[in-house]
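The values are calculated or read from the model by the stated rules, or taken from the named source; none is laboratory data. Remember, predicted model here, so these are calculated numbers, not experimental data. All Cβ positions, glycine included, derive from the backbone under ideal geometry; neighbour counts span all protein chains shown. Accessible surface is based on the protein model in full, side chains and every heavy atom, while ligands, DNA and RNA are left aside. Shrake-Rupley method; radii C 1.70, N 1.55, O 1.52, S 1.80 Å.
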There are 2 protein chains.
Amino acid sequence: MTELENDRFLRALLRQPVDRTPVWMMRQAGRYLPEYRETRAKAGDFLSLCKNADLACEVTLQPLERYPLDAAILFSDILTIPDAMGLGLYFETGEGPKFRKTIRTEQDLNSLIRPRMADELGYVMNAVSTIRRELNGRVPLIGFTGSPWTLATYMIEGGSSRDFRHSKAMLYSNPELMHALLDQLAEVIIDYLNAQIDAGAQAVQIFDSWGGALSYRAYEEFSLRYMTKIVAGLQRESEGRRVPVILFTKGGGQWLEKMADSGADALGLDWTTSLAEARSRVGHKVALQGNMDPSVLYAKPEYIRREVEQVLQEYGTGTGHVFNLGHGIHQFVDPDRAKAFIDAVVELSPAYHPE
Amino acid sequence: MTELENDRFLRALLRQPVDRTPVWMMRQAGRYLPEYRETRAKAGDFLSLCKNADLACEVTLQPLERYPLDAAILFSDILTIPDAMGLGLYFETGEGPKFRKTIRTEQDLNSLIRPRMADELGYVMNAVSTIRRELNGRVPLIGFTGSPWTLATYMIEGGSSRDFRHSKAMLYSNPELMHALLDQLAEVIIDYLNAQIDAGAQAVQIFDSWGGALSYRAYEEFSLRYMTKIVAGLQRESEGRRVPVILFTKGGGQWLEKMADSGADALGLDWTTSLAEARSRVGHKVALQGNMDPSVLYAKPEYIRREVEQVLQEYGTGTGHVFNLGHGIHQFVDPDRAKAFIDAVVELSPAYHPE
């Protein structure tokens, strides 16, 4: 493999010294970019774009052409796994993802396929190796997955949900069935991330998008426990380097101490959490990734710059911080505002990394 | 006024001894009750129901007929204020609330009406006094309002929002305009709650439904600051008793210490916060209200009972706890499950209040 030209993202995740704070954006290859919308139109629909390695590679690289980002992230979807397990993922225009089948009984659970990484999910690994080749060592490539709890909610509800009616009914009324589903998902996810690492992913992130919808007790039992199992099952070395794991529970700011015991190298934070407090709580154990409110990008460039400065000040001096938004970039953001954001991190952050 | 037969709700809010933990449910007069749906059909639509004092009184009392609740809450909507300020509230079937006008410029702001409590908002005060008369001292009546920030988001977006695009753009790009709007709302809300107290409300709750969407810095500056101003502006005695104020920021579990300094008597908690931790952080200053996940009510009665026991154990022994859900009861809940919940609190909680 080609040598990595820019490794400050990997170094910061392992709390090793860096020259400036590395930066990337969740959903950086996304609808806010006109070139993304063009490629997606070429692909036909979102799933076809995910399943075409060349086009998935094309959109992965697009934001890197525009901005001095320190990492690329695989273009894919967290719902590839339930789809490969036989649920039949589809997207209806203007609505969220949907599944043709749902999982609500033991019989449903037993009907799930154990997907093979070289077969049902081979297209993801093709995308990883294609992107890795085309990146040619510019920046590291991040692989990712949804968390077991997050995937389970979609599988049980049959799509997105506001109140997680069926998932919570199962969690509270039939915890054994819920645990069986989560355990099966954790096993598949371990295979999935290890296959991504084999294909060239240099760091991995677990998106626990709906962990924050759980009670503090249920979070430990039904989400964190399975993420901890996944972290323990991953190969943590590849190409002679450690493969850092980032755990991101949206809305999980109250549980950082528990998350820091998961074995992950870094925790993602949304904007409701003070970086200063988070650092004092868990900064001796893990790196922190985040956490500017993505809605700041609706503001004028000078205000974006001021917010960047405040986030940098909050974390303070030294390594262990990866700058990011606290959630995916919104589709209506002007790409020039994203540029103002990235440029501000590049220009302002060296002051926080003295010799 | 008639003497209050059951004051354990008011006593617990002031951290005075009680025989058992008082309980009520946010949105207890709501669509999950068939008798509510009947009255609403009679009224025509939701707004007509709010504006008809007799029917608003009827639905307020309905849950008290079914369950041994310790408080009634005025049936109304948080958007009565922006409506009375001239924005033209309406509801489209299957969608959330909408406004005919939005507030995005200084000119828009200057066009706002300062509503008079006996005039544009007189129907709310009529509902309060009607309900108070019909309650006839059974339990205390809670008045309420939305927080300035929460109301501002609806006024700026023109309705509900997922990303608060225009509100956050104003907050970050034109903070002066945002502050002017919030200040004006705080003034109106002070009048509004004081008028409710004059009309017979015995406690008041400030619903900061969208405070949790703010960054920790923005929360202090744009939401908490104005709620603190409101608390300071309220008359706190009525009919010879203190009128307790409850402040509920959904998703605000990380900011309890700051909220406890607002002057409020009690803080509402959602289910993401540990009651035990919250009590150790702020229980010496304020009472706590909450915090069972409303989705627990999708579970079978024996699981509901188990969760009630866990919430009681979390808070522990002694006064200062008002049992509630961590958010409004969902419309698809079976009323018998709500009964299982209330009954469990009534039966299990005396053990947590020894002599």
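Data table
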item	result
Residue in the range B:306-328 that is over 23 Å from B:Leu267 (Cβ atoms), out of contact with any Cys (no Cβ under 8 Å at 6 or more places or on another chain), open to solvent by 40 Å² or more (accessible area, probe 1.4 Å) and within 14 Å of chain A (Cβ to nearest Cβ) present	yes
The range A:222-275: number of residues that are closer than 22 Å to B:Tyr216 by Cβ, among the hydrophobic types (A, V, I, L, M, F, W, C) and not in a loop (DSSP other than H, G, I, E, B)	10
Scan of the range A:65-89 for residues that are aliphatic (A, V, I, L, M) and either closer than 17 Å to A:Arg100 by Cα or in contact with a Gly (Cβ under 9 Å, 6 or more places away or on another chain) (or both), ordered by number	A:Ile73, A:Leu74, A:Ile78, A:Leu79, A:Ile81, A:Ala84, A:Met85, A:Leu87, A:Leu89
Flag for B:Gly251 being within 10 Å of chain A (Cβ to nearest Cβ), over 17 Å from B:Gln16 (Cα atoms) and not polar (S, T, N, Q)	yes
Meets criteria (at positive phi and of a type outside the set (S, T, N, Q)) for A:Gly240	yes
Search result, residues across the range B:266-280 that are hydroxyl-bearing (Ser, Thr, Tyr) and either under 14 Å from B:Leu13 (Cβ atoms) or buried (at least 18 other Cβ atoms within 10 Å of the Cβ) (or both)	B:Thr272, B:Thr273, B:Ser274
Residues being of a type outside the set (Ser, Thr, Tyr) and surrounded by 19 or more Cβ atoms within 10 Å (Cβ to Cβ) - total across the range A:169-182	6
Residue within the range B:301-316 that is under 18 Å from B:Val18 (Cβ atoms), part of a strand (DSSP E or B) and of a type in the set (Gly, Ala, Ser) present	no
Among residues of the range B:13-51, those that are at pLDDT 95 or above and under 20 Å from the mean Cα position of the chain (by Cα), counted	20
Test: residue in the range B:32-42 that is in a loop (DSSP other than H, G, I, E, B) and either within 30 Å of B:Ala260 (Cα to Cα) or touching a residue at least 60 places away in the same chain (Cβ under 8 Å) (or both)	yes
Within the range A:216-239, tally of residues that are without any contact (Cβ under 8 Å) to a residue 60 or more places away in the chain and open to solvent by 40 Å² or more (accessible area, probe 1.4 Å)	10
Single unsatisfied condition, B:Asn136 versus (1) open to solvent by less than 30 Å² (accessible area, probe 1.4 Å); (2) on the phi > 0 side of the Ramachandran plot; (3) at pLDDT 95 or above	(1)
Subset of the range A:329-353 that is outside any helix (DSSP H, G or I) and crowded, with 17+ Cβ neighbours inside 10 Å - its residue that is nearest to the other protein chains (Cβ to nearest Cβ)	A:His330
Some residue of the range A:75-82 being among the acidic types (Asp, Glu) and touching a Leu at 6+ places or on another chain (Cβ under 8 Å)	yes
Listing of helices (runs of 4 or more DSSP H) fully contained in the range A:133-221 that carry 3 or more residues being of a type in the set (D, E, K, R)	A:175-199
Cβ-Cβ under 6 Å pairs, at least 6 apart or on other chains, the range B:5-28 side over 20 Å from B:Asn291 (Cβ atoms), far side open to solvent by 50 Å² or more (accessible area, probe 1.4 Å)	B:Glu5/B:Arg138
Residue pairs meeting the criteria (Cβ under 6 Å; at least 6 apart or on separate chains; first closer than 16 Å to B:Asp293 by Cα and more than 10 Å from every other protein chain (Cβ to nearest Cβ), in the range B:261-279; second open to solvent by less than 10 Å² (accessible area, probe 1.4 Å) and among the β-branched types (Val, Ile, Thr))	B:Gly268/B:Ile246
All positions within the range A:188-199 that are of a type outside the set (Ser, Thr, Tyr) and buried (at least 16 other Cβ atoms within 10 Å of the Cβ)	A:Val188, A:Ile189, A:Ile190, A:Asp191, A:Leu193, A:Asn194, A:Ala195, A:Gln196, A:Ile197, A:Ala199
Of the criteria (1) within 14 Å of chain B (Cβ to nearest Cβ); (2) open to solvent by 30 Å² or more (accessible area, probe 1.4 Å); (3) without any contact (Cβ under 8 Å) to a residue 12 or more places away in the chain, which one A:Thr93 fails	(1)
Any hit, the range B:281-299, residues being part of a helix (DSSP H, G or I), more than 11 Å from chain A (Cβ to nearest Cβ) and either surrounded by 24 or more Cβ atoms within 10 Å (Cβ to Cβ) or among the acidic types (Asp, Glu) (or both)	no
Unique residue being under 19 Å from B:Ser161 (Cβ atoms) and more than 14 Å from chain A (Cβ to nearest Cβ) when the list is B:Phe222, B:Phe207	B:Phe207
Test: B:Asp77 is under 21 Å from the mean Cα position of the chain (by Cα) and part of a loop (DSSP other than H, G, I, E, B)	yes
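Here is a yes/no grid of residues against (1) of a type outside the set (Ser, Thr, Tyr); (2) within 14 Å of chain B (Cβ to nearest Cβ):
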{"site": "A:Ile103", "(1), (2)": "yes, no"}
{"site": "A:Arg133", "(1), (2)": "yes, no"}
{"site": "A:Pro140", "(1), (2)": "yes, no"}
{"site": "A:Ser160", "(1), (2)": "no, yes"}
{"site": "A:His166", "(1), (2)": "yes, yes"}
{"site": "A:Pro175", "(1), (2)": "yes, yes"}
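Yes or no, residue by residue, for (1) surrounded by fewer than 20 Cβ atoms within 10 Å (Cβ to Cβ); (2) without any contact (Cβ under 8 Å) to a residue 40 or more places away in the chain; (3) closer than 18 Å to A:Ala53 by Cα:
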| position | (1), (2), (3) |
| --- | --- |
| A:Arg104 | yes, no, no |
| A:Arg114 | yes, no, no |
| A:Val124 | no, no, yes |
| A:Thr145 | no, no, yes |
| A:Trp149 | no, no, no |
| A:Met155 | no, no, no |
| A:Ser167 | no, yes, no |
| A:Gln184 | yes, no, no |
